[in-house]
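To start, the structure under review is shown below, and the notes come after it.
The values are calculated or read from the model by the stated rules, or taken from the named source; none is laboratory data. In this text the structure is predicted, and so the values were computed from the model without any measurement. Cβ placement follows ideal geometry from the backbone for every residue including glycine, while neighbour counts extend to all protein chains displayed.
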Amino acid sequence: MEQAEIIDFMQQAIWLIIKLSTPVMLVGLLVGVIIALIQALTQIQEMTLAFVPKMIAIFLSIFILFPAMAVALQAFMEMIADKIIAMG
């Protein structure tokens, strides 16, 4: 395997990580902004009020998006396995 192929694999892996993590991070950002707005309007400054809903929303989004994430990871792994088999 040449250096260019390794760099290509790394680029694809980084893009896959970005594609898989973006929806989950956007959910956390959206819930965080909503909670911050509610806290600013009600002047309730409780740390757990900001942390717990974000944690629950992120876990739910991972649970819901896990099948799509698994398919993307499986396709990437199959591509890598095909390349390894082709080398041998």
*Where LEU20 falls short, out of the listed (1) surrounded by 13 or more Cβ atoms within 10 Å (Cβ to Cβ); (2) without any contact (Cβ under 8 Å) to a residue 12 or more places away in the chain*: (2)
*Considering only the range 1-54, state which residues are charged (D, E, K, R) and closer than 25 Å to PHE66 by Cα.*
LYS19, LYS54
*Of all residues in the range 1-17, count the ones that are without any contact (Cβ under 8 Å) to a residue 24 or more places away in the chain, surrounded by 10 or more Cβ atoms within 10 Å (Cβ to Cβ) and among the aliphatic types (A, V, I, L, M).*
5
_Can you tell me which of (1) loosely packed, with under 13 Cβ neighbours inside 10 Å; (2) free of Cβ contacts under 8 Å to residues at least 40 places away in the same chain is the one ALA57 doesn't meet?_
(1)
*Which one of these does LEU30 not meet: (1) free of Cβ contacts under 8 Å to residues at least 60 places away in the same chain; (2) part of a helix (DSSP H, G or I); (3) over 16 Å from the mean Cα position of the chain (by Cα)?*
(3)
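Which count do you get for residues in the range 23-41 that are of a type in the set (Val, Ile, Thr) and under 13 Å from ILE58 (Cβ atoms)? Even if it seems obvious, please write down each step before you answer.
In the first step, residues of the range 23-41 are kept if they are of a type in the set (Val, Ile, Thr); the result is 24, 27, 31, 33-35, 38.
Checking which are under 13 Å from ILE58 (Cβ atoms) leaves us with 24, 27, 31, 35.
Residues flagged as of a type in the set (Val, Ile, Thr) and under 13 Å from ILE58 (Cβ atoms) within the range 23-41 amount to 4.
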*asked:* Condition check: in a helix (DSSP H, G or I), closer than 20 Å to LEU16 by Cα and among the aliphatic types (A, V, I, L, M). Does LEU37 satisfy that?
replied: no
*Kindly establish whether GLN74 is out of contact with any strand residue (DSSP E or B) (no Cβ under 9 Å at 6 or more places or on another chain), at pLDDT 95 or above and either in a helix (DSSP H, G or I) or within 30 Å of GLU2 (Cβ to Cβ) (or both).*
yes
